[in-house]
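Undergrad: My structure is below; once you've seen it, I'll send some questions.
The values are calculated or read from the model by the stated rules, or taken from the named source; none is laboratory data. These figures come from a predicted structure and were not determined experimentally. Heads up, the Cβs are rebuilt from the backbone with ideal geometry, glycines too, and the neighbour counts pull from every protein chain shown. Each accessible area value is taken on the protein alone, full model and side chains, heavy atoms only, with ligands, DNA and RNA left out. Shrake-Rupley method; radii C 1.70, N 1.55, O 1.52, S 1.80 Å.
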Amino acid sequence: MTKRSRAKARNNARKSKHPHKNSAAATTKAAQRNSQRPSTTGRNKALTEIALVEAVADSDVVYAIGAALPPKPQGSPGQERYYPEVLVAFYAAFAGGTGTWRKGAAIMEEPAYWKIIRRYAAQRGVDLWERPPLRCNCEDARDRICPKPPKSDSSSDTKKRRASPILEEIRAVFRSESCAMAKRHGCFDPNLHSIAQPARANTVCTDGKVNGTIVNAATVEKRRNRGQTIDGVLHQQGGDDGTPKHGMKFCHSCVRPDLKRNSRIIIDMQYVPTSGYGGEAGLAVTSLTELACTEPGADTVCYDGALRGVHLQALADTGYLVFSPPHGTTAKPHPLELTDGSCTCGTRHQLHTENGHVAVRTIDEDGTVSMQRCPAKPPVRQHRASANRYDWYVVITLPCGSNHRLRINEPARDGGPLRIERLRQSARDDEDPGDHYRQHYGRREDAESINNIIERTFRGGRAISYTIDRQFLAMIGHAIARNAIADALWKHDDVPADPPAAA
């Protein structure tokens, strides 16, 4: 028996032992098993590299940024540009989506991926060269936006440095396009406004994130002494009790229309300078105030304990309902005001604040001092057109059963502290697991999820650039990539399912 005959005999024997593998019944059983499995398309499918390429290539914000960047003037010196300015937007999005500049350039250098990008670009009237760009072409486009800074021999220069104006213009375009996409997804709907039950689609979650420097702090100082420019300072993470981290800090805001997977939309990403602008909380308040002017449907904010009275006052005057825990010192009992005695019992009650609530101080016969919390209804806001602001009020029930009205965002008097620093619009009630605060403050986990994605994408949350401008561009690119994925999945959800096959 020849070698070929022996192989054929083995195959026939194998088929005789397992006849179902080649039978029509096996095909029917396999189809039934596949029909019972969950769908592997859309949100239930793991994100692949080609899905990222198609999502970014079909993103409107990429082409909007490319159109906003200034082209090379006719007749100006320098090498001829073979690719339009939209190349830097693609490069930043792929680098931010994968976590490295090298991987972003490798994606654009792949002919199959470049063919997909050219097809989507042609649909928007953007003509791209048939030849895929090399890594040097991508870096040249990036260097035009973020040129290398001059050498510096002082480590204090990084504390004075700000993001370049052209990066702020890119951020403005990104923010405008992201808000428009959020509205298409159902966010910022004024008809969903409610104080008792604020809508998730109208809730903005904001937080800060520190990207650690590429090298450790000791190496940073050595290289700075040799003249290399490395931006980044020591930041405190996790509040006063957190751990310090050396790097560059950024602040992001996001919304989420529903609870579907990968539905979060980053609507803003900004660099937090070391000094000036009020720090992370000050920049966040400015961004949220500008958002309220353009999107009246944005009415709720979830933030961590970084907000203080000056920040809460500005957000409340703008019309926001803020869910933020009080600071350790402001949560302690503090005198608030003395009632006028107009209640049914005729007694003037001394009101205090404790953990963001209103309480009445009582002294028992044995001299024990206790704080009796006053039940309160959800706050009410009133718009003052003459002053162009909102006034927030809360109605509490005194121990005698009478109701008393208090203004939450009362302005400071005689240089005293702001009332909203100690009296919150919504505060946690440890005695009620289903209170108003707990029902909605949990949405702040969306911002923590963004931080977690940044941590995993950028390999331990480390920066991929030494300078502020290039890292800022990478963070904007990361936001573009995440929003593109959310938009692609949203478009997939709107596609009707295939009709069942006829029997």
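Undergrad: Towards the positive end of the charge dipole of segment 47-121, with charges on Cβ (+1 Lys, Arg; -1 Asp, Glu), say which of VAL61, TYR82, GLY104 has the farthest Cα.
TA: Farthest along the dipole direction, towards plus: TYR82.
Undergrad: Can you pull the accessible area of ILE166 for me, 1.4 Å probe, Å² to the nearest 10?
TA: Near enough 40 Å² of accessible area.
Undergrad: Moving to a separate point now. Express the carbon and sulfur contribution to the solvent-accessible surface of the chain as a percent, rounded to the nearest whole number, probe 1.4 angstrom.
TA: Values: 13080 of 25840 Å².
Heavy-atom surface of the chain belonging to carbon and sulfur, 1.4 Å probe: 51 percent.
Undergrad: Under the √(5λ) rule applied to the eigenvalues of the Cα gyration tensor, what semi-axes describe the equivalent ellipsoid of segment 295-387? Give them in Å, descending.
TA: They are 30, 18, 10 Å, listed largest first.
Undergrad: By accessible area of protein heavy atoms, probe 1.4 Å, what ranking do THR203, THR344 get, highest first?
TA: Descending accessible area places them as THR344, THR203.
Undergrad: Return the long-range amide H neighbours of THR203 (sequence gap of 5 or more, or a different chain), with a cut-off of under 5 Å between placed amide H atoms.
TA: ARG256
Undergrad: Under 5 Å between amide hydrogens, which residues at least 5 positions from ARG462 or on another chain qualify, with H placed 1.01 Å from N in the peptide plane?
TA: Excluding prolines and chain starts, which carry no amide H, the hits are GLY212.
Undergrad: Let me test this: with uniform point scatterers at the alpha carbons of segment 436-494, what is the Debye-based log₁₀ I(q)/I(0) at q = 0.14, 0.18, 0.27, 0.31 1/Å?
TA: -0.55, -0.79, -1.08, -1.18
Undergrad: Here's something else I'd like to know. In what order, largest first, do CYS187, CYS136, CYS400 sit by accessible area if the probe radius is 1.4 Å?
TA: Solvent-accessible surface, decreasing: CYS136, CYS400, CYS187.
Undergrad: Additional query: What accessible area per residue, rounded to a whole number of Å², is obtained for the chain using a probe radius of 1.4 Å?
TA: Roughly 51 Å² per residue, with all protein chains present.
Undergrad: Placing unit charges on C-beta atoms (Lys and Arg positive, Asp and Glu negative, everything else neutral), compute the dipole magnitude of the chain about its Cα centre in debye, rounded to 20.
TA: 3440
Undergrad: Which whole DSSP H helices in the chain pass both tests: a Cα extent of 20 Å or more along the axis and a mean Kyte-Doolittle value no lower than 0.5?
TA: 279-294
Undergrad: Compute the separation of the alpha-carbon centres of segment 89-112 and segment 378-442 and state it in Å as a whole number.
TA: Taking the Cα centre of segment 378-442 as reference, the centre of segment 89-112 is 48 Å away.
Undergrad: Taking θ as phi - 60°, what are the ³J(HN,Hα) couplings along segment 356-371 by the Karplus curve (6.51, -1.76, 1.60), each to the nearest whole Hz, with x for Gly and Pro?
TA: x, 9, 9, 9, 10, 7, 10, 10, 6, 5, 8, x, 6, 9, 9, 10
Undergrad: Would you rank LYS148, LYS72 by solvent-accessible area, highest first, keeping every protein chain in place and using a 1.4 Å probe?
TA: Values: LYS148 160, LYS72 55 Å².
From most accessible down to least: LYS148, LYS72.
Undergrad: Right, here's the next one. Among 307-319, 54-66, how do they line up from the highest to the lowest mean number of other beta-carbon atoms within 10 Å?
TA: So the peptides 307-319, 54-66, ranked by packing, come out 54-66, 307-319.
Undergrad: What Kirkwood radius, in Å to one decimal, follows from the Cα pairs of the chain? Provide the component values of the computation, followed by the final result.
TA: On the way: mean 1/r = 0.0377 Å⁻¹.
Averaging 1/r across every pair of different Cα atoms and inverting gives 26.5 Å.
Undergrad: With each label point set 7 Å from Cα along the Cα-Cβ vector, what nm distance links SER386 and LEU259?
TA: 4.6
Undergrad: So which of LYS72/LYS115; LYS183/LYS209; LYS245/LYS491; LYS115/LYS209 end up more than 32 Å apart by C-alpha?
TA: LYS245/LYS491; LYS115/LYS209
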